[in-house]
Amino acid sequence: MTSQQPQVIRREDYRPPDYRIEHVDLAFELGAEETTVRSRLTLRSDHERSQGIRPLVLHGEELDLRAISLDGEPLPDGAYSLDADSLTLHEPPEAFTLEIETAINPKANTQLSGLYVSNDVFCTQCEAEGFRRITYFLDRPDVMATYRTTLRAERAACPVLLSNGNLVEEGDLEGGRHYAVWEDPFRKPSYLFALVAGDLACNERVVETRSGRPVRLRIFVEHGKEGRTGYAMDVLERSLRWDEERFGLEYDLDLFNVVAVSDFNMGAMENKSLNVFNDKYILADPETATDADYAGIETVVAHEYFHNWTGNRITCRDWFQLSLKEGLTVFRDQEFSSDMRSRPVKRIQDVRRLRAAQFPEDAGPLAHPVRPDSYIEINNFYTATIYEKGAEVIRMLHGLLGEAGFQKGMKLYVERHDGQAVTCDDFVAAMADANGVDLERFKRWYGQAGTPEVQVNGCYDAQRGSYDLTVTQTTRPTPGQETKEPLHIPLAIGLLDGQGRDIPLTLGEGPASDTLVLPLCEERQSFRFEGLPKPAAVSLNRGFSAPITVRAEQSGTERAFLMAHDSDPFVRWEAGQDFATALMLEGSEAWRAGEEPSVDPAFIEATRAILTDSRLEQAFIAEALALPSEDYVAERMEVVNVEAIHAARGALKRALAEALRADFAQLYERLHDSAPYSPDAEAAGRRALRNAALSYLSVFAEAEPQERVRLIEHYRQADNMTDRMAALRLLVDLDLPERQEALDDFENRFGDDALVMDKWFALQAVSDLPDTLERVKALMQHPAFSLERPNKVRALIGSFIAANPLRYHAADGSGYAFHAALTLKLDALNPQVAARLLAPLGRWRRFDAGRQEKMKAELQRILAVPKLSRDVYEIASKALG
Ligand code: PHE
Ligand code: ZN
């Protein structure tokens, strides 16, 4: 155990602040190694003075206090005290102004929280608690103030000076310096403050809001990269339009600035009118960005823009309410992409993501509710549960209330709470009140962790022509929650007749419909449907109506039937995934027993039917052809056996490739696209399908020269990054000379493009070749790699840890030892990033005894280090359990 025992923050301890900050006037004298910050705060006590005077405790970290005065008078030493994370005024008056001067070193800020320098650009990151690394403040989201910000810097190095709100003044100063003054008329919490100063190029577009107000949209990037901002700009404009049309929400300032920087802990940040982005989510052109990158840009640009209402105008009372803004905003960006692209394909991708990141979290030692009850370090709670499960909870509300009811609720939410810092309960109350419904039981989704398992049993009575569905829900215990209560689960179902048509269903007095949403509210419930022919198959959780795991006895025949016929595209896809998962589990058992796995021909035929169904969208077929990941199969195993799963997945892929070889080859030829690259959904779907076919054909590349040629030619002739990466992804798994040829070529072409080199690092890290860890270690010495740059760390090391189960879980423990050593090194530089990579070590309970011991030993090794960050301490200690 470490000597330090960081404090646990609890939701039940929430108290409103003793003081309000009404206005903030900031002046920055910017220098890379020394920046001085003068802050002038207008403060007012917020409680009865008759109860006694409360001290004012301001947050502050790594600040050098230079001066402090109250109402213009320097404060005497005894009037205040300082410690490592706060400044306390012992007896402040009721209302006063406080002036504080601090100095900070942006260059030395490797944590990338607060004010830092990225490629010579000054920028800030204040969520969640970074503002306290800039100046002493009440750094909590329920303290909302107006801000006026003055920036002074060298004109040559920093011609661009930005902050929130409107530019009200600018001009020259002596000694080659200049200044700009910004004023934000909207009250905001400190986590939404931002400044940027640097030498940046800009892409600008003026659009009009629907009420006719012009808005200047600007995207700032490093010089030379302006040409890669067009897509992000289009997305920004489309987001603005969409939020008006679908949500009735209009932009509220004359300016919307976006800045892309190369060093950033997360994806992007929604600072009021000054979004700061990881440049990965801004920069794109066909040569350097894949279709997935374009889709990611669409998601993130829209997400940050949508935060202007859901997050900024209405913010969180405290950080336990984080999902109030994140879950809702993810739901909104998902809906945006669904309206822009194929809704079913988007749904499939979102579910894949939820299952890959959130289900394991919910099943492991870091499980927490959508609204957590406690934390040590809030930065550890920007999780898949808060974001993705939070969005699923909002989606269920949307399903229960319908689009019109949901929008009624949104309208009331905005009317009631604009300008406030509120809670998840406030949001649900607005939804309930606007629709006159009771959502009390539904609210359990916010407080209860764990993925519910829903067991479904169907039974047909031929004599009566009735079908009974019995449904039970259980949620396994999670840390701190031994017993679970039943949730309100909206389970969408359908029954198919022998021809694969929907059988209209009625529940109680309701109208007949092809899809029924069963309101599961109890641990066990039965539903009876009368006057039916015998159903050939039951279609469960249509559209993934609830974030649950469904367990049902289904035969291969039924799954194949659903794959072929279900009217719900999600279930068609899901039935294929279930079928493939079952086959891989069987295959793993066979591999362990030293037997040849056999593949049910029904699966092959059902896959062929999807492959050749010309009515299906190509992007959908590509999703259907993508076998479940090794990690997904691992989740279904009692004790994870990484080698067996890898072998079984490879065998299933080979079996499909052999049986459908002619179809794949034909598809590959037919989908050849001679038109110039376009990132639109249809063209992307065509590429995805063609590259899926290539992936199956690549299983022959080792033995057959002509398939090797196909693969390397696909790489050589690619006129876009999507195709280039598709070939390279396959080549890195092959121990062939073509592998090195392509990797070298890629490095030659893109060696000086940091973003593109991330792809090169990531691909080598996910290779299943046996020497992958050695290569990863060697690549850490590559000049383009740096531990101080989160994108590099995530690309090379994050990919190895989180996306290469076979090599990460090497039986000798080498992957774990590497991970632990790296964690300690990184913790000294950037604790947020170090902690964020740690989760896989916490999955030790899922493995065999040998691996368990090795994983636990590494966690203990980490925890034995004195001076660990709170971030890593929290994850490692919880992971050890
Ligand atoms: N609030 C950001 C978003 O979801 C994410 C973020 C969190 C960025 C913390 C930086 C720091 O859009
Ligand atoms: Zn967000």
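For segment 797-817, filtered to residues that are assigned to a loop (DSSP other than H, G, I, E, B) and in contact (Cβ under 8 Å) with a residue 40 or more places away in the chain, the residue that is nearest to the chain's Cα centre (by Cα) is H809.
What do you reckon, is S539 in contact with a Gly (Cβ under 8 Å, 6 or more places away or on another chain), modelled with pLDDT of 95 or more and surrounded by 18 or more Cβ atoms within 10 Å (Cβ to Cβ)? Against the criterion (in contact with a Gly (Cβ under 8 Å, 6 or more places away or on another chain), modelled with pLDDT of 95 or more and surrounded by 18 or more Cβ atoms within 10 Å (Cβ to Cβ)), S539 qualifies.
Inside segment 846-861, can you point out the residues that are out of contact with any Phe, Trp or Tyr (no Cβ under 9 Å at 6 or more places or on another chain) and not basic (K, R)? I'd like the intermediate steps shown before the answer.
Narrowing segment 846-861 to residues out of contact with any Phe, Trp or Tyr (no Cβ under 9 Å at 6 or more places or on another chain): 846-850, 860-861.
The answer is F847, D848, A849, G850, Q860.
Among the conditions (1) assigned to a helix (DSSP H, G or I); (2) buried (at least 18 other Cβ atoms within 10 Å of the Cβ); (3) among the hydrophobic types (A, V, I, L, M, F, W, C), the only one that A784 does not satisfy is (1). Of all residues in segment 47-68, those satisfying the criterion of being under 28 Å from A108 (Cα atoms) and of a type in the set (G, A, S) are G60, A67. Here is the figure for segment 429-451: residues that are among the β-branched types (V, I, T) and within 24 Å of the chain's Cα centre (by Cα) total 1.
Given the condition buried (at least 20 other Cβ atoms within 10 Å of the Cβ), within 16 Å of ligand 2 (Cβ to nearest atom), assigned to a helix (DSSP H, G or I) and under 23 Å from the mean Cα position of the chain (by Cα), answer yes or no: does some residue in segment 263-275 qualify? Checked against the condition, which is being buried (at least 20 other Cβ atoms within 10 Å of the Cβ), within 16 Å of ligand 2 (Cβ to nearest atom), assigned to a helix (DSSP H, G or I) and under 23 Å from the mean Cα position of the chain (by Cα), segment 263-275 yields no hits at all.
Reported count of residues in segment 84-100, each being surrounded by fewer than 18 Cβ atoms within 10 Å (Cβ to Cβ) and not hydroxyl-bearing (S, T, Y), is 8. Residue count for segment 835-872 under the criterion of being assigned to a helix (DSSP H, G or I) and either closer than 29 Å to E638 by Cα or at pLDDT below 95 (or both): the result is 26.
Mind telling me which of the residues V471, V454 ends up being touching a residue at least 12 places away in the same chain (Cβ under 8 Å), closer than 29 Å to A564 by Cβ and within 28 Å of the chain's Cα centre (by Cα)? Steps first, please.
Values: V471 fails: within 28 Å of the chain's Cα centre (by Cα).
When all the criteria are applied, what remains is V454.
For the structure I just gave you, tell me whether E270 is acidic (D, E) and within 11 Å of ligand 1 (Cβ to nearest atom). The answer is yes for E270. Within segment 309-330, the set of residues being away from ligand 2 (no atom under 11 Å from the Cβ) and farther than 18 Å from R416 by Cβ comprises D318, W319, F320. If the condition is being within 11 Å of ligand 1 (Cβ to nearest atom) and in a loop (DSSP other than H, G, I, E, B), then segment 282-333 contributes H307, G311, N312.
One residue stands out in segment 229-246 among those that are within 16 Å of ligand 1 (Cβ to nearest atom) and under 28 Å from F131 (Cβ atoms): the one that is surrounded by the fewest Cβ atoms within 10 Å (Cβ to Cβ), namely D243.
With respect to the stated conditions, L249 is surrounded by 13 or more Cβ atoms within 10 Å (Cβ to Cβ), in a loop (DSSP other than H, G, I, E, B) and in contact with a helix residue (DSSP H, G or I) (Cβ under 6 Å, 6 or more places away or on another chain). Within segment 317-338, residues that are free of Cβ contacts under 8 Å to residues at least 40 places away in the same chain have Cβ atoms under 7 Å from residues that are away from ligand 2 (no atom under 15 Å from the Cβ) in these pairs: S338/K346, counting only partners at least 6 apart in sequence or on another chain. Kindly establish whether P365 is more than 16 Å from the chain's Cα centre (by Cα), farther than 21 Å from P452 by Cα and in contact (Cβ under 8 Å) with a residue 40 or more places away in the chain. No, not satisfied.
Does segment 396-446 hold any residues that are small (G, A, S) and under 25 Å from P189 (Cα atoms), and which are they? Break it down into steps so the answer makes sense when it comes.
First pass over segment 396-446, keeping only residues small (G, A, S): 399, 402, 404-405, 409, 419, 421, 429-430, 432, 434, 436.
The answer is G409, G419, A421, A429, A430.
Pairs linking a residue in segment 256-277 that is free of Cβ contacts under 8 Å to residues at least 24 places away in the same chain and not assigned by TED's automatic domain parsing to the domain that holds S113 to a residue that is hydrophobic (A, V, I, L, M, F, W, C) and within 12 Å of ligand 2 (Cβ to nearest atom), with Cβ atoms under 7 Å and 6 or more positions apart or on different chains, do not occur. Which of the numbered conditions does D827 fail, given that it passes all the others? Conditions: (1) of a type in the set (D, E); (2) part of a helix (DSSP H, G or I); (3) closer than 27 Å to A289 by Cα. Every listed condition holds for D827 apart from (3).
Checked against (1) more than 18 Å from E287 (Cα to Cα); (2) in contact (Cβ under 8 Å) with a residue 24 or more places away in the chain; (3) of a type in the set (D, E, K, R), R686 meets all criteria but (1).
Taking the conditions exactly as written (surrounded by fewer than 23 Cβ atoms within 10 Å (Cβ to Cβ), within 16 Å of ligand 1 (Cβ to nearest atom), part of a helix (DSSP H, G or I) and at pLDDT 95 or above), does D350 satisfy them or not? So that I can check it myself, show each step before the final result.
Numbers: surrounded by fewer than 23 Cβ atoms within 10 Å (Cβ to Cβ): yes; within 16 Å of ligand 1 (Cβ to nearest atom): yes; part of a helix (DSSP H, G or I): yes; at pLDDT 95 or above: yes.
Yes; evaluated as a whole, the condition is true for this residue.
Scanning segment 634-657 for residues that are among the basic types (K, R) and within 30 Å of the chain's Cα centre (by Cα) turns up R636, R649, K653.
Taken as a whole, segment 407-423 holds no residue that is over 19 Å from V517 (Cβ atoms), within 16 Å of ligand 2 (Cβ to nearest atom), part of a loop (DSSP other than H, G, I, E, B) and touching a residue at least 24 places away in the same chain (Cβ under 8 Å).
Within segment 134-152, is even one residue in contact with a Ser or Thr (Cβ under 9 Å, 6 or more places away or on another chain), more than 26 Å from T36 (Cα to Cα), part of a strand (DSSP E or B) and not hydrophobic (A, V, I, L, M, F, W, C)? No, there is no match, as no residue in segment 134-152 is in contact with a Ser or Thr (Cβ under 9 Å, 6 or more places away or on another chain), more than 26 Å from T36 (Cα to Cα), part of a strand (DSSP E or B) and not hydrophobic (A, V, I, L, M, F, W, C).
For the structure I just gave you, tell me whether N164 is in contact (Cβ under 8 Å) with a residue 60 or more places away in the chain, of a type outside the set (K, R), within 16 Å of ligand 1 (Cβ to nearest atom) and within 29 Å of D285 (Cβ to Cβ). First the steps, then the outcome.
Details: in contact (Cβ under 8 Å) with a residue 60 or more places away in the chain: yes; of a type outside the set (K, R): yes; within 16 Å of ligand 1 (Cβ to nearest atom): yes; within 29 Å of D285 (Cβ to Cβ): no.
Criteria not met by N164.
A count restricted to segment 635-679 and to residues that are of a type in the set (D, E, K, R), crowded, with 16+ Cβ neighbours inside 10 Å and under 18 Å from A726 (Cα atoms) stands at 1.
Within segment 214-235, if we keep just the residues that are in a helix (DSSP H, G or I) and farther than 27 Å from G114 by Cβ, the residue that is farthest from ligand 2 (Cβ to nearest atom) turns out to be G227.
Tell me whether segment 253-262 contains one or more residues that are under 25 Å from the mean Cα position of the chain (by Cα), within 16 Å of ligand 2 (Cβ to nearest atom) and closer than 30 Å to L412 by Cβ. For segment 253-262, residues under 25 Å from the mean Cα position of the chain (by Cα), within 16 Å of ligand 2 (Cβ to nearest atom) and closer than 30 Å to L412 by Cβ: absent. The single condition among (1) surrounded by fewer than 21 Cβ atoms within 10 Å (Cβ to Cβ); (2) hydroxyl-bearing (S, T, Y); (3) closer than 22 Å to P189 by Cα that S81 does not meet is (3).
The values are calculated or read from the model by the stated rules, or taken from the named source; none is laboratory data. Just so it is clear, the structure is predicted and the values come from calculations on it, not from any experiment. Neighbour counts are summed over all protein chains in view; Cβ atoms, including those assigned to glycine, are modelled from backbone coordinates with ideal geometry.
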